[in-house]
Amino acid sequence: MKEKVVLAYSGGVDTSVAVKWLQETYHMDVIAFSIDVGNEPDFPIIREKALKLGAIQAVVVDARETFIKDYCFPALKANALYEGQYPLATALGRPLMAKLIVDVAKKEGAAAIAHGCTAKGNDQVRFDVSTMALAPDLKIIAPAREWSFNREQTIAYAIKNKIPLPVTAKSPYSIDQNLWGRAIECGVMEDPWAEPPNDAFIWAVAAEKAPNKAEYVDITFEKGIPVALNGVGFDAIALVEKANELAGKHGVGRIDHVEDRTIGIKSREVYEAPGAMMLIRAHEALEAMCLSKEQIRFKAIVSAEWSTLVYTGQWFTSYREDLSAFVDSTQRYVSGVVRVKLFKGSCSVVGRKSPYSLYNFGLATYDKGDTFDKNAAVGFIKLWGLPARTEAQAHAAADKKPAARKKKTS
Ligand code: ARG
């Protein structure tokens, strides 16, 4: 009996070629496994295609809900942005895919898992490291990293093996998409000076084409999780879809960044993540009102650390879990409503309210109703400034006595 391999199958040219290539090169039975995280391919067609190419099984799993609840919302609670810019859409999807694939591999008694990642990207790191953590002894095969085909040779192999190529006009871009965002690579964007063309984007309109009238959205959070938009409750998937639609319509969430890949390459990355960016901005604003300044300061450090860990493929580590535990703990009082204003590419927070608000009108107001004890400020500043005053006095005294420090050498 042949050994089995579970292949992460997208239906694209590379993974389709991989179905054949794995059979020819490794003489293994291929189980094609496709995962829906909001990437919107035509799954029935993809299944069919995998079976035609000789896969012994073609499985499709709808993982959208767990993707949002267990991967994207934890990222939102952390306000996760890699290098302050990238909401990590692809980076959040890969560990989930690896987990689901490893589960199938275990269930089917497969000898290996396989994925279509190349040697230059982050996704190979995420797939491989996640698999190493979840099934330390499982073999990992990355056909596109092993075969020595360039693009033309891959196509030639596809034609020779009667692998159907996409019928649609070939997009000049390489796209990776899920509910949390869309990454657009290649083509003219490999020149970091070239402005990303409008046809690269499908969710966020150009700011200049956005409506002339601003739109307000009230976002309700419960313990750091968004649960309603404009007072209407949504389940997780629908909420993120609606957030993408609302913010995208106003051109919010286009991102253009020169990013540091895990394997040491700087690359120009273009994203659109209207929903994620709107939700993160709103969530941060609610935290500003509900968390102490110390929590906010430390959480920003945790956020940067968390984002880097996830970007570099270390989702399934104790360290990531420890950081997530801190983040979760901070969210106990992050409930309330944030009002954002969407207009011509911008998303500004214009209002926030919470039962756990630490904003105290009596303390803050400059008008009547002021409850702040001004005398306390005087005493506080006397002590707060004491080290600065002491230092200044000590330095001034020392500077007046140069002889004490300078030894005459001649
Ligand atoms: N630079 C992003 C990341 O590493 C996007 C990658 C897109 N992936 C892809 N296979 N095209 O997360």
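The values are calculated or read from the model by the stated rules, or taken from the named source; none is laboratory data. All values derive from a computational prediction rather than experimental measurement. Here the Cβ is made from the backbone with ideal geometry for all residues, glycine too, and neighbour counts use every protein chain on show. Just the protein is used for accessible areas: all its heavy atoms, side chains included, with ligands, DNA and RNA removed. Shrake-Rupley method; radii C 1.70, N 1.55, O 1.52, S 1.80 Å.
Scoring HIS250 on the criteria (1) touching a strand residue (DSSP E or B) at 6+ places or on another chain (Cβ under 6 Å); (2) within 27 Å of ARG332 (Cα to Cα) leaves a single failure, condition (2). Count of region 209-226 residues, restricted to those that are among the hydrophobic types (A, V, I, L, M, F, W, C) and assigned to a loop (DSSP other than H, G, I, E, B), is 2. Just one of the listed residues (GLU222, GLU185, GLU259, GLU208) is of a type outside the set (Gly, Ala, Ser), in contact with a strand residue (DSSP E or B) (Cβ under 8 Å, 6 or more places away or on another chain), farther than 15 Å from ALA276 by Cα and open to solvent by 10 Å² or more (accessible area, probe 1.4 Å), and it is GLU185.
Within this structure, SER324 fails the test of being over 21 Å from GLY93 (Cβ atoms), of a type in the set (Ser, Thr, Tyr) and more than 16 Å from the ligand (Cβ to nearest atom).
Within region 271-287, one or more residues are within 16 Å of the ligand (Cβ to nearest atom), of a type in the set (Phe, Trp, Tyr) and either out of contact with any Ser or Thr (no Cβ under 8 Å at 6 or more places or on another chain) or modelled with pLDDT under 95 (or both). For region 291-310, indicate whether the set of residues that are touching a helix residue (DSSP H, G or I) at 6+ places or on another chain (Cβ under 6 Å), loosely packed, with under 13 Cβ neighbours inside 10 Å and of a type in the set (S, T, N, Q) is non-empty. Scanning region 291-310, I find no residue that is touching a helix residue (DSSP H, G or I) at 6+ places or on another chain (Cβ under 6 Å), loosely packed, with under 13 Cβ neighbours inside 10 Å and of a type in the set (S, T, N, Q), so the answer is no.
Residues that are of a type outside the set (Phe, Trp, Tyr) and over 20 Å from GLY181 (Cβ atoms) do not occur anywhere in region 81-98. The condition of being within 30 Å of GLY231 (Cβ to Cβ), touching a Phe, Trp or Tyr at 6+ places or on another chain (Cβ under 7 Å) and modelled with pLDDT of 90 or more holds for only one of ALA183, ALA214, ALA207, that being ALA214.
If we only count strands (runs of 3 or more DSSP E) wholly inside region 119-204, which ones have 1 or more residues that are within 16 Å of the ligand (Cβ to nearest atom) and within 27 Å of VAL6 (Cα to Cα)?
The strands (runs of 3 or more DSSP E) meeting that bar are 174-178, 181-185.
When region 349-371 is filtered for residues that are free of Cβ contacts under 8 Å to residues at least 12 places away in the same chain and open to solvent by less than 100 Å² (accessible area, probe 1.4 Å), the ones remaining, listed by number, are ASN360, GLY362, LEU363, ALA364, THR365, GLY369, ASP370, THR371.
Residues that are more than 22 Å from PHE127 (Cα to Cα) and not small (Gly, Ala, Ser) within region 27-71 comprise HIS27, ASP42, PRO44, ILE45, GLU48, LYS49, LEU51, LYS52, LEU53, ILE56, listed in sequence order. Restricting attention to region 328-337, which residues are out of contact with any Phe, Trp or Tyr (no Cβ under 7 Å at 6 or more places or on another chain) and crowded, with 18+ Cβ neighbours inside 10 Å? Passing the criteria: THR330, GLN331.
Among residues that are surrounded by fewer than 17 Cβ atoms within 10 Å (Cβ to Cβ) and among the small types (Gly, Ala, Ser), ALA285 is not included. Taken over region 60-103, the criterion of being over 10 Å from the mean Cα position of the chain (by Cα), within 11 Å of the ligand (Cβ to nearest atom) and surrounded by 24 or more Cβ atoms within 10 Å (Cβ to Cβ) is satisfied by ARG94 alone. Across region 127-139, not a single residue is classified as in contact with a helix residue (DSSP H, G or I) (Cβ under 6 Å, 6 or more places away or on another chain) and without any contact (Cβ under 8 Å) to a residue 24 or more places away in the chain. ASP36 meets the conditions (1) in contact with a strand residue (DSSP E or B) (Cβ under 8 Å, 6 or more places away or on another chain); (2) open to solvent by less than 10 Å² (accessible area, probe 1.4 Å) in every case but one. The failed one is (2).
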